[in-house]
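Working notes, structure below.
The values are calculated or read from the model by the stated rules, or taken from the named source; none is laboratory data. Everything quoted here is computed from the prediction, not taken from an experiment. Heads up, the Cβs are rebuilt from the backbone with ideal geometry, glycines too, and the neighbour counts pull from every protein chain shown. Note: accessible area is taken over every heavy atom of the protein model, side chains too, but ligands, DNA and RNA are not part of it. Shrake-Rupley method; radii C 1.70, N 1.55, O 1.52, S 1.80 Å.
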Amino acid sequence: MTDPLLARDARRIERYAAMADAARFLHPVQQALLHRRGWLRMLAPRAAGGAELPLPQAVRLEEAVAAVDGSMGWVLTLCAGAGWFAGFLPPPLARDIIGGKRVCLGGSGAPTGYADQDGDGEAAGFRITGRWDYASGAPMATHFTLNAVLRANGQPLLDDQGAPRIRAFLVPAELVQIVPSWASIGLRASASHSYRIDGAWVGKDHGFTINPAAATADGPLYRFPFYSLAFVTLAANVAGMASHFMQLARPCMSRRRHAIKGLPLLEVPEVAALVRAREQVHAAARAHFYHVLDRSWAMVENGTTLADSDLHALQASSLALVAASRAAVDELYPYCGLYAAHEDSAINRVWRDFHTASQHSLLLP
């Protein structure tokens, strides 16, 4: 397979990564690249103006970007993922949004707000109220997606099991107030701030259901299960950051000498063996991950509904890749010296980004 990221694009991303980290948001050059390449629309339906890339191709691109700058890879993944929801919106609304200038969808998955029914017939809609956290790319978002508990007359609506009904919504950014809250040690430039909405009204067509049966766009991308898509895209980001760390760790170990043997650490047999072992385990986990992803995608492309065993294989291979990534970063870091602890060093930024990204709740060991 050809390299998913052009060398000149990689150089441009890398050139501004440190400045973005210091500014705590993507550099304007990085933002422009996301828009110019159409990456934020890459999972949106082709009929709506998106690229509708095959999922394995999109995942490899996300990994490649994260392997250059973790924050940019994270924003690309989360915002392009929100763009995927356009495949579940009414087609006219999807075309209007995805076709907009410099479109970027951000959002949050936790149902930490309410949607109160408001209006009847053609004027039916919802008033949205609440606060949501961790909206990566929030400052550049033109629209926000969210989950909310449905209410009528101030009372939650219940499903057949007696649990509150939750529905996904898409809200224009002009109805949203960003709440600066992102103070993590890593992924600083992802600007994953909170946001709030205070009684904003949206039409009923802004609500949608994330389910293959409810997809409004044809194509295998919208038949691929949501949680499986989330697992593979997040795992690929973590793997990309781990690869970047291992790449930067080697020169650190070459410069650092063993206190007793006097040799550069990479010439100490035990250290060299550890480095090779971690790289090999990571490479094997990555190869298996893409084998499972490619096989699952081919099945969905051919019209097959993934069985529970297929979903488990996607989750297991994703978590195995994350585990191999954690082992590589955590075991090699002590050999990298104080330089790796300097906040302004590239390897420290990658270390911080990695340990922030791998805290995502879906990636628990």
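Details
- In the stretch 189-209, the condition of being in contact (Cβ under 8 Å) with a residue 60 or more places away in the chain, buried (at least 22 other Cβ atoms within 10 Å of the Cβ), within 21 Å of Gln31 (Cα to Cα) and more than 16 Å from the chain's Cα centre (by Cα) is met by at least one residue.
- Some residue of the stretch 306-327 being among the acidic types (Asp, Glu) and without any contact (Cβ under 8 Å) to a residue 24 or more places away in the chain: yes
- Any hit, the stretch 230-250, residues being more than 21 Å from Pro54 (Cβ to Cβ), in contact with a helix residue (DSSP H, G or I) (Cβ under 8 Å, 6 or more places away or on another chain) and of a type in the set (Phe, Trp, Tyr): yes
- For the stretch 311-365, filtered to residues that are farther than 22 Å from Asp69 by Cβ and either charged (D, E, K, R) or outside any helix (DSSP H, G or I) (or both), the residue that is modelled with the lowest pLDDT is Pro365.
- For Arg60, the test of being among the charged types (D, E, K, R), within 20 Å of the chain's Cα centre (by Cα), at pLDDT 95 or above and more than 22 Å from Val292 (Cβ to Cβ) is failed.
- The listed residue being at pLDDT 95 or above and touching a helix residue (DSSP H, G or I) at 6+ places or on another chain (Cβ under 7 Å), out of Ser194, Ser190: Ser190
- Set Val75, Val68, Val59: member being open to solvent by less than 30 Å² (accessible area, probe 1.4 Å), within 21 Å of Ala215 (Cβ to Cβ) and in contact (Cβ under 8 Å) with a residue 24 or more places away in the chain: Val59
- Given (1) open to solvent by 70 Å² or more (accessible area, probe 1.4 Å); (2) more than 26 Å from Trp74 (Cα to Cα); (3) not in a helix (DSSP H, G or I), index of the condition Leu306 fails: (1)
- Residue within the stretch 60-68 that is in contact with a Ser or Thr (Cβ under 8 Å, 6 or more places away or on another chain) and not in a helix (DSSP H, G or I) present: yes
- Extreme residue, surrounded by the most Cβ atoms within 10 Å (Cβ to Cβ), among residues of the stretch 245-275 that are among the basic types (Lys, Arg) and under 26 Å from Glu14 (Cα atoms): Arg256
- Condition broken by Ala152, with the remaining ones in (1) at pLDDT 95 or above; (2) aliphatic (A, V, I, L, M); (3) at negative phi satisfied: (1)
- Inter-residue pairs, beta-carbon under 6 Å, first under 19 Å from Ala18 (Cβ atoms) and in the stretch 332-348, second outside any helix (DSSP H, G or I) and open to solvent by less than 80 Å² (accessible area, probe 1.4 Å), 6+ apart: Tyr339/Ser345
- Screening Leu6 with (1) touching a residue at least 60 places away in the same chain (Cβ under 8 Å); (2) open to solvent by 20 Å² or more (accessible area, probe 1.4 Å); (3) not small (Gly, Ala, Ser) gives one miss only, at (1).
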